[in-house]
Amino acid sequence: MTDVDRTTADPAATGARGEGLDARLVVDRGSFRLDVTLTAAPGDVVAVLGPNGAGKTTALRALAGLVPLDDGHLRLDGATLDRTPPESRPVGVVFQDYLLFPHLSALDNVAFGPRCRGASKAEARAIAAAWLERMNLAEHAGAKPRRLSGGQAQRVALARALATRPRLLLLDEPLAALDARTRLDVRARLRRHLDGFEAVAVLVTHDPLDAMVLADRLVVIEHGRVVQEGSPAEIARRPRTDYIAQLVGLNLYQGRADGHTVRLDAGPAITTTEELSGPVFVAFPPGAVTLYRDRPSGSSARNLWRCEIAGLESHGDQIRADLTGELPLAADLTTVAAAELGLHPGASVWATVKAAQTHAYPA
């Protein structure tokens, strides 16, 4: 059976497992320098997150060969790709706006890659048909992109990227163009497809939910550098920068621990259940904060600070209060509670957090 036959029979086939991705991406752009190391084993899905301007897209384009490296290396399954032109790399890319050819049907869009790799028209179309079947798009094989929904176009773009049997799949904000309802369905479908992908997948996103659901490991970059990496659970449990804390929805502080007391670098002390010594981070969710208009006398909370409401905004089905004062923090409360407290910008409040609801860990 030929490679084309195997791919037609089993679209999930991506070749024998290799060594995966080993890259140090160094790109100089005047005042900005990207210096990021990425490693992944075959079958891994790695999400690269970071604020705007952090270097996420530059890293993805460097992996694709669209941006040359100024230093570092790029090895995939043991082969060095530093100087390999983009069209010769075993890399598939799904761009944010999908970039489907508007004049081609869904079938011919998917068949385009295999045709470029030397397959005959009939072979390429057989491969494409198998992938569209796998994506539950067989009935849309003859449709032009303008006749497809956002979710259908995303799946065609994914099928086109996978039809060349890449050893590295790059996903650039693959769900960003979808509305909220479609996003839920397509995210679940994409997770299933990635579960069956035996090579390396790198996902670039700004959406923490996409990253948490789709990826096995997160790499967070800021200012062109990796600031934290680990499993989604590790990142969510122990954020190490303000950006990551906001991403996972936690208040985060840094200070020095002496037993159960953490003296913050800038601010008051926080009492924790953990007994630590030396530099630490302390985190707690906005939902752990209880607000009072008057200083509470019967509260069992060990942490109490006088604050002022800096702003209020809707946050899901709750109200998120931005507080300044002794300890800047975010607090979540119900709309009813906010109304009963008479909260408004400039109002003085007391904020409490129980020690059991904080989490301290070494810095």
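Only the coordinates and a few stated rules stand behind these numbers; no lab work does. Because the structure is predicted, anything quoted here is derived from the model rather than measured. Methodologically, a virtual Cβ is constructed for each residue, glycine included, from the backbone with ideal geometry; neighbour enumeration extends over all protein chains shown.
Odds and ends about this structure:
- With the convex hull drawn around the C-alpha atoms of the chain, the volume per residue stands at 166 Å³.
- The stretch between ASP82 and ALA138, if pulled fully straight at 0.36 nm per residue, gains 16.4 nm over its current Cα-Cα span.
- A Cβ-based charge dipole, computed about the Cα centre of the chain with Lys and Arg at +1 and Asp and Glu at -1, lands at about 700 debye.
- Projecting the Cα atoms of LEU132, LEU60, VAL94 onto the dipole axis of the chain, where Lys and Arg carry +1 and Asp and Glu carry -1 at the beta carbon, places LEU132 farthest toward the positive end.
- Length added when fully stretched, HIS103-SER314, from 0.36 nm per residue minus Cα-Cα: 71.6 nm
- Extreme residue, positive dipole direction of the chain, given options GLY224, LEU264, ILE244 (C-beta unit charges): GLY224
- Size of electric dipole in the range 286-362: Cβ of Lys, Arg +1 and of Asp, Glu -1, about Cα centre, debye, nearest 20: 320
- Each 10 Å bin from zero up to the one holding the largest Cα-Cα distance in the range 286-362 carries the following percent of pairs: 20, 55, 23, 2.
- Per-q log10 I(q)/I(0), the range 161-256, q = 0.15, 0.17 Å⁻¹ (Debye; single scatterer per alpha-carbon; no solvent): -0.67, -0.83
- In straight-distance terms, cross-link reach from LYS144 covers every one of the lysines whose alpha-carbon lies under 27 Å from its own, apart from those fewer than eight places away in the same chain; here that gives LYS121.
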